[in-house]
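Everything below concerns the one structure shown next.
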Amino acid sequence: MSNLEQTLSIIKPDAVERNLIEEIKSTFKNNNFKILKDKKIQITKTEAEEFYKVHQTKPFYNDLCEYLSSGPIVVMILERENAISENRKLMGATDPKKAEEGTLRKKYGISIDRNSVHGSDSIENAKIEINFFFS
Ligand code: CMP
């Protein structure tokens, strides 16, 4: 049965800074994702705090929000079958040191903070996150 989903993907400042936008977009396309919408933006710290509010009790919350707002990012709506789980597979583990061979974070990630890409973790959060950037 088909299960077409949409998910939100972010190319984070560390990857934008290293001119990896086209390489990362190509990886998505080569893995059967359609990029329905995309834009390069820079968000404020307040916007980052809103975006990552599920993490507001975590010790890394402040650094995380500082970081996401520290430079340009690319936000994209990706679509394919099982987009949410397929994107998470393609990204690899949050910590690049633990990410599997061939994944985006293994290939490009620098550290757990500078891990190059973000992807929604559930259908519910995908809707919220897509709405956050594209509405
Ligand atoms: P991301 O998928 O964007 O979601 C939250 C981010 O918090 C995560 O990627 C990491 O970059 C960052 N982060 C920093 N420290 C941690 C940690 N200890 N556990 C999980 N995420 C962390």
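The values are calculated or read from the model by the stated rules, or taken from the named source; none is laboratory data. These figures come from a predicted structure and were not determined experimentally. Cβ sites come from the backbone with ideal geometry, for glycine too, and all protein chains shown count toward neighbours. Quick note on the areas: whole protein, heavy atoms, side chains included, nothing else; ligands and nucleic acids left out. Shrake-Rupley method; radii C 1.70, N 1.55, O 1.52, S 1.80 Å.
Does region 117-130 contain any residue that is of a type in the set (Val, Ile, Thr), farther than 20 Å from Leu36 by Cβ, surrounded by fewer than 21 Cβ atoms within 10 Å (Cβ to Cβ) and at pLDDT 95 or above?
no
Just to check your reading of the model, which residue among Ile24, Ile35, Ile11, Ile43 is in contact (Cβ under 8 Å) with a residue 40 or more places away in the chain and farther than 18 Å from Pro96 by Cβ?
Ile35
Would you tally the residues in region 61-103 being open to solvent by less than 30 Å² (accessible area, probe 1.4 Å), within 14 Å of the ligand (Cβ to nearest atom) and part of a helix (DSSP H, G or I)?
9
Please find, within region 1-27, the residue that is surrounded by the most Cβ atoms within 10 Å (Cβ to Cβ) out of those that are assigned to a helix (DSSP H, G or I) and within 16 Å of the ligand (Cβ to nearest atom).
Ala15
Within the set of pairs 6+ apart or on separate chains, which have a first residue in region 78-92 that is free of Cβ contacts under 8 Å to residues at least 60 places away in the same chain, a second that is outside any loop (DSSP other than H, G, I, E, B) and among the charged types (D, E, K, R), and C-beta atoms under 7 Å apart?
Glu86/Arg80; Met91/Arg105; Gly92/Arg105; Gly92/Lys106
Please find, among Ser120, Ser116, Ser111, the residue that is touching a residue at least 60 places away in the same chain (Cβ under 8 Å), near the ligand (Cβ under 10 Å from one of its atoms) and touching a Pro at 6+ places or on another chain (Cβ under 9 Å).
That would be Ser116, the only listed residue that is touching a residue at least 60 places away in the same chain (Cβ under 8 Å), near the ligand (Cβ under 10 Å from one of its atoms) and touching a Pro at 6+ places or on another chain (Cβ under 9 Å).
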